[in-house]
1. Is it the case that Ala251 is outside any strand (DSSP E or B), closer than 18 Å to Ala159 by Cβ and touching a Ser or Thr at 6+ places or on another chain (Cβ under 7 Å)?
2. Of everything in the stretch 113-146 that's touching a residue at least 60 places away in the same chain (Cβ under 8 Å), in a helix (DSSP H, G or I) and among the hydrophobic types (A, V, I, L, M, F, W, C), which residue is surrounded by the most Cβ atoms within 10 Å (Cβ to Cβ)?
3. Taking the stretch 201-234, which residues are under 22 Å from Pro66 (Cβ atoms), within 15 Å of the chain's Cα centre (by Cα) and part of a loop (DSSP other than H, G, I, E, B)?
4. On the given criteria, is Ala243 more than 13 Å from the chain's Cα centre (by Cα) and surrounded by fewer than 24 Cβ atoms within 10 Å (Cβ to Cβ)?
5. Just checking, does the stretch 256-268 include any residue being in contact with a Phe, Trp or Tyr (Cβ under 9 Å, 6 or more places away or on another chain), in contact (Cβ under 8 Å) with a residue 24 or more places away in the chain and of a type in the set (Val, Ile, Thr)?
6. Please indicate, with yes or no, whether at least one residue in the stretch 167-189 is in a helix (DSSP H, G or I), aliphatic (A, V, I, L, M), crowded, with 24+ Cβ neighbours inside 10 Å and modelled with pLDDT of 95 or more.
7. Answer yes or no as to whether Ser52 is hydroxyl-bearing (Ser, Thr, Tyr), closer than 15 Å to Phe273 by Cβ and modelled with pLDDT of 85 or more.
8. For the stretch 80-125, which positions are in contact with a strand residue (DSSP E or B) (Cβ under 8 Å, 6 or more places away or on another chain), under 28 Å from Arg180 (Cβ atoms) and of a type in the set (Ser, Thr, Tyr)?
Amino acid sequence: MCLPLCLKKMRGLSRRGFLASSVLAGGGVLLAQPPKSSAGDSRRPGEGVRFSRVVDLTHRLTVDFPTGSGQPQLKLERVSARPPDRWNIFRWVVHEHTGTHLDAPLHCSVKDSADLIPAERLVGLVAIVDIRAKAAANADVELTVDDLKQWESQHGQIAAGGIVAMCSGWDAHVRTAKFRNAGSDGALHTPGFHREAVDFLLAEREVAGIVVDTLSLDRGLSHDFPVHERWLGANRWGLECVANLGELPPAGATMVVGAPKIAGASGGPSRVFALV
């Protein structure tokens with residue numbers, strides 16, 4: 001059965017538009033990969049995206065999810081329960097920076113809050129920079145300019161408006177003490193971006209956001225958080241505690257960040273996907 005408005009819309013479609021709509025509506029995603037190299041890509045973020053599967057890059061958020069402080073940052077308060085009430089409703093008490101979450105520029109600057117980040121800046125081709133071997137050998141390792149240049153030597157220049165993700169394999173430890181990897185002095189030993197790497201991305205590449213599979217954009221040993229200061233201070237966003245980056249190809253996937261649109265928020269738990 002097709003309602004009158006549906007029929008009217010169909011009459012206005014070209015044959016190509018009708019076929020595209022039919023394929024998507026029927027669940028048959030007959031789409032192909034984007035080009036391997038993104039050098040000089042002039043497409044608008046999300047334009048012409050083609051994919052065959054969706055990868056969820058979001059950890060399941062629970063009240064015991066690991067945090068930088070080691071203290072719980074999520075509480076669920078039951079408002080009503082069915083039965084005997086009509087509805088199941090919870091009130092959330094949540095720290096903005098817990099679970100898979102966005103760091104808005106405001107988190108470490110006087111720049112944009114989460115609600116002010118343009119939607120097109122939250123969608124982009126993602127470069128997966130794999131440092132798993134180095135992270136396995138040294139938990140305090142940082143993603144460097146050399147890592148970025150090595151990636152580009154194989155996959156082309158990082159796309160304008162794109163996203164750069166550090167794949168350290170740390171998401172595999174999320175339900176163990178190693179995710180925080182705290183030493184006897186309480187210092188955390190986890191990988192992160194090097195300050196010079198974000199300087200390069202700001203000066204030489206038009207990158208919208210950076211992503212880590214650890215608790216922080218900076219490595220765990222950092223006390224002055226230079227990557228947070230530099231990157232967020234340049235009105236860019238970051239994602240922390242992202243999952244499943246190892247399931248993505250080094251180049252060609254598109255990341256979609258479902259960031260919170262709460263007025264004045266410095267960030268917040270987010271649902272993040274990759275279209276591969």
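1. Yes.
2. Here the residue is Ala114.
3. Asp213, Thr214, Leu215, Ser216, Leu217
4. Values: more than 13 Å from the chain's Cα centre (by Cα): no; surrounded by fewer than 24 Cβ atoms within 10 Å (Cβ to Cβ): yes.
Spelling it out, it is not the case that Ala243 is more than 13 Å from the chain's Cα centre (by Cα) and surrounded by fewer than 24 Cβ atoms within 10 Å (Cβ to Cβ).
5. So far as the stretch 256-268 goes, yes, one or more of its residues are in contact with a Phe, Trp or Tyr (Cβ under 9 Å, 6 or more places away or on another chain), in contact (Cβ under 8 Å) with a residue 24 or more places away in the chain and of a type in the set (Val, Ile, Thr).
6. No.
7. On the way: hydroxyl-bearing (Ser, Thr, Tyr): yes; closer than 15 Å to Phe273 by Cβ: yes; modelled with pLDDT of 85 or more: yes.
When the stated conditions are applied, Ser52 passes them.
8. If the condition is that a residue be in contact with a strand residue (DSSP E or B) (Cβ under 8 Å, 6 or more places away or on another chain), under 28 Å from Arg180 (Cβ atoms) and of a type in the set (Ser, Thr, Tyr), then Thr98, Thr100 are the ones that fit.
The values are calculated or read from the model by the stated rules, or taken from the named source; none is laboratory data. Small disclaimer: the values here were computed from a predicted structure and weren't measured. So basically every Cβ, Gly included, is an ideal-geometry build from the backbone, and we count neighbours across all protein chains shown.
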